[in-house]
Amino acid sequence: MKKTRIVFASIAASFLILMASCAQDGDKYYLLNNSTSVVASAENNMDQIFSIASFRDKMEVNFYIESLTSPYSTSDGNPLKTGIYIPVDAASQTAVEDVPYVDFREYHEKFTLLKTGESSAINSEVTSLGKVRVRNPQNTNYYVEFDEGNQTIYFNDYDAFFKTAYMGTILDMTNLHGKYLKRSDNKFERYGKAITLSLKKYGIPMKIIDGTVYIPLQVYNDIFNGFAPSMIYNHNKKALYIAEVISGSYYDAESGKDTRSEVLKKLNYNSLCMNMDFNYGLKDIHGISVFADFFKETGLIKDLSASASAEDFTTGIIKMVCNYFADFHSGWNKPSYYVGASYVRPANLIINPIYLAQNALMTSYASIREKAFADKGISARYYTENGRKVYLDYSEFGGNTAYITYDSFVSAKKDYYGLTSNGTNELALSDVADTVGLVIYAHQQIKKNSNIKNVVIDLSNNGGGALNALAYISAWCLGESTINIKSTLTGAMGSTNYLVDVDLNGEYGVSDTLQGLKNSDGTSRKVNLYCITSPTSFSCGNALPAIFKDSGKVVLLGKKSGGGACVVFNGSSSDGTVFQISSCYQMCTTKNGSFYQADEGIEPDFIFSDFSNIYDREYLTTYIDNLK
């Protein structure tokens, strides 16, 4: 039996809320923004997929979340239960078995609990005929309104509607992180525009019956599920699966057969257009206004339209993310049930050369490093993180310089509190299982070795990872970390600050960081901080040097980092094809009070054209010493 919690998202000196106009309610201020963004303003609507005559009675289905983390206990033999509604097509008077609808209020209440651990009753109210409003239970000033007559979903503030009690700001993208990380009182947030999503534009029907809002499961996934993995429905098994973990229990002997109904085929394409219009964060950079037009302009319409087979649709998704986007956050993850687990990407499928070059570059840097470390006899000093070697470099952090290598950022996988080695609270290298553990281990080594004057964070082959692990290491280096994020969808901005507990004493602050080191006589001990970057320092591996650059406390060495400013959005199609894209939330740098997205990478202070010198730690140590 496993305990599980679904997590989402793997960026101020003082609290300030900027508002277009606001109303005061006691001592609480809330946004009343009169400007509205309309998502999908194409001139022509898509054809209506179908009309709903009614729904069958609520059907209870199994819900498998067994390998994720959630407050619920579940296992393969003991899944959770949830309900779905099967629509009846008005034209044919037949049930559309493979297009499940959900009761919005029920699902949002249930999955807010699954994602956050917060249990709050979510109330809905009928505001007028055919309109239902649902409020954020944490702040009832923010709501979503469903309008059946106009077939629209309206948010008076999209970001604030999803803010939960544990979030520091409306754009706090780190998930629940236990005892290691604490949000500081220092924060900044600027609320965004109201949003109207027209389902009519996409031909997707929404139904309100006796005050209950019914929307397709896929609409819930795309608009309301945040950054949690999508919920995939297998109508043969009458079961829901979390897209992150679908495997053998999802695919069976019947999978691989394209038995999709005509309604599902149409919904598959139309909802993909809606998802991409709403969530893709790099539309402007790619010159995309409406995805229905983009699919025609690129010829992807042939693979993605309702007339395409399930296998062609999967191939079309791969073309979209790996050839036309090629932004490295976007990618294809798993085939749908209708394609089957045995699907193999066609050998002649064109992949963007930029994509291939980046992968080759990562392999090249890893090879150069492997050889350099082996030549110096330090190849054994590493632990394995996500199947990759993470090097500590100098054994016992000897000499005057500590080198710590992070090839990815991984959240805490274990409880380090109370974990002892040799009867002390000090970690052994064998105790380390993730980024948090490596920070704790490194800090203990640096504290006890007073000869260490320089600390070098090597991100030269870091492809990114979890935001909360990024917040942890940046706060350890700087004393307090600030992650700045801007929404390209609403224009909202937020700076969330974090403090860390590295000494594992339950206290947070500068004393737990490299900024708070002390000499044996109690005086302040200063260490010089450096960070190595390269074109393969991507996503969070790009965000950390951006944070370092903003701080002015860390010197950057190497080459310009690889960019990747957007937080990943975990997506899916209506038929269960699983993929991911760059979301509308961008990690930013700040200058003179303005936010600047960091997608183009961060320039180093000192350029190294030959990375064999970077990985020759004796050479690099001498180079660093000569900088002083």
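The values are calculated or read from the model by the stated rules, or taken from the named source; none is laboratory data. Here the structure is a predicted model, which means the values were calculated and not measured. Every residue, glycine among them, receives a Cβ derived from its backbone with ideal geometry; neighbour counts consider all protein chains shown. The protein model used for the area step is the full one, side chains on, heavy atoms only, and it has no ligands, DNA or RNA in it. Shrake-Rupley method; radii C 1.70, N 1.55, O 1.52, S 1.80 Å.
Filtering the range 147-180 to residues that are touching a helix residue (DSSP H, G or I) at 6+ places or on another chain (Cβ under 6 Å) and among the aromatic types (Phe, Trp, Tyr) leaves Phe155, Tyr180. A count restricted to the range 388-411 and to residues that are farther than 13 Å from Gly465 by Cβ and either at pLDDT below 75 or assigned to a helix (DSSP H, G or I) (or both) stands at 9. Within the range 153-180, the set of residues being assigned to a strand (DSSP E or B) and open to solvent by 10 Å² or more (accessible area, probe 1.4 Å) comprises Tyr154 only. The residue list Ser609, Ser594 contains one member that is over 16 Å from Ser534 (Cβ atoms) and among the small types (Gly, Ala, Ser), which is Ser594. Here Asp312, Asp284, Asp277 are screened, and the one residue that is of a type outside the set (A, V, I, L, M) and open to solvent by less than 20 Å² (accessible area, probe 1.4 Å) is Asp277. Screening Phe188 against (1) assigned to a loop (DSSP other than H, G, I, E, B); (2) over 30 Å from Ala306 (Cα atoms) leaves a single unmet condition, (1). Flag: Ala194 does not match the condition of being over 19 Å from Asn275 (Cα atoms) and hydrophobic (A, V, I, L, M, F, W, C).
Scan (1) among the hydroxyl-bearing types (Ser, Thr, Tyr); (2) over 20 Å from Gly564 (Cβ atoms); (3) open to solvent by less than 10 Å² (accessible area, probe 1.4 Å) for the single condition Ser330 breaks and write down its number. Going through (1) among the hydroxyl-bearing types (Ser, Thr, Tyr); (2) over 20 Å from Gly564 (Cβ atoms); (3) open to solvent by less than 10 Å² (accessible area, probe 1.4 Å) one by one, Ser330 breaks only (2). Scanning the range 453-468 for residues that are open to solvent by less than 10 Å² (accessible area, probe 1.4 Å) and either charged (D, E, K, R) or over 13 Å from Ile547 (Cβ atoms) (or both) yields Asn454, Val455, Val456, Asp458, Ser460, Asn461, Asn462, Gly464. Here the strands (runs of 3 or more DSSP E) wholly within the range 45-120 that include at least 3 residues being at pLDDT 85 or above, open to solvent by less than 30 Å² (accessible area, probe 1.4 Å) and touching an Asp or Glu at 6+ places or on another chain (Cβ under 9 Å) are 80-84. Within the range 191-207, being in a strand (DSSP E or B) and either in contact with a Lys or Arg (Cβ under 8 Å, 6 or more places away or on another chain) or among the basic types (Lys, Arg) (or both) holds for one residue alone: Lys207. Residues that are among the hydrophobic types (A, V, I, L, M, F, W, C) and modelled with pLDDT of 85 or more within the range 216-239 comprise Leu217, Val219, Ile223, Phe224, Met231, Ile232, Ala239, listed in sequence order.
In the set Asn505, Asn519, Asn592, only one residue is of a type outside the set (Val, Ile, Thr), modelled with pLDDT under 90 and within 30 Å of Asn451 (Cβ to Cβ); that residue is Asn505. Looking at Gln586, is it among the polar types (S, T, N, Q), under 21 Å from the mean Cα position of the chain (by Cα), buried (at least 19 other Cβ atoms within 10 Å of the Cβ) and at pLDDT below 90? Criteria not met by Gln586.
Restricting attention to the range 121-142 and to residues that are within 28 Å of the chain's Cα centre (by Cα), β-branched (Val, Ile, Thr) and surrounded by 14 or more Cβ atoms within 10 Å (Cβ to Cβ), the residue that is modelled with the highest pLDDT turns out to be Val134. Output yes when any residue across the range 480-497 is open to solvent by less than 10 Å² (accessible area, probe 1.4 Å), modelled with pLDDT of 95 or more and out of contact with any Asp or Glu (no Cβ under 9 Å at 6 or more places or on another chain), and no when none is. Taking every residue of the range 480-497 in turn, none turns out to be open to solvent by less than 10 Å² (accessible area, probe 1.4 Å), modelled with pLDDT of 95 or more and out of contact with any Asp or Glu (no Cβ under 9 Å at 6 or more places or on another chain). Among the residues of the range 523-578, the ones that are in contact with a Leu (Cβ under 8 Å, 6 or more places away or on another chain), more than 29 Å from Leu171 (Cβ to Cβ), charged (D, E, K, R) and open to solvent by 10 Å² or more (accessible area, probe 1.4 Å) come to 2 in all.
Which one is farthest from Ser524 (Cα to Cα), of the residues in the range 416-452 that are open to solvent by 30 Å² or more (accessible area, probe 1.4 Å), part of a helix (DSSP H, G or I) and modelled with pLDDT under 90? It comes out as Ser430. Residues in the range 255-269 that are open to solvent by 30 Å² or more (accessible area, probe 1.4 Å), over 12 Å from Ala308 (Cβ atoms) and either out of contact with any Gly (no Cβ under 9 Å at 6 or more places or on another chain) or in a helix (DSSP H, G or I) (or both): Thr259, Ser261, Glu262. Have a look at Ile204, Ile232, Ile195 and point out the one that is more than 30 Å from Glu262 (Cα to Cα) and buried (at least 22 other Cβ atoms within 10 Å of the Cβ). Answer to the selection: Ile195.
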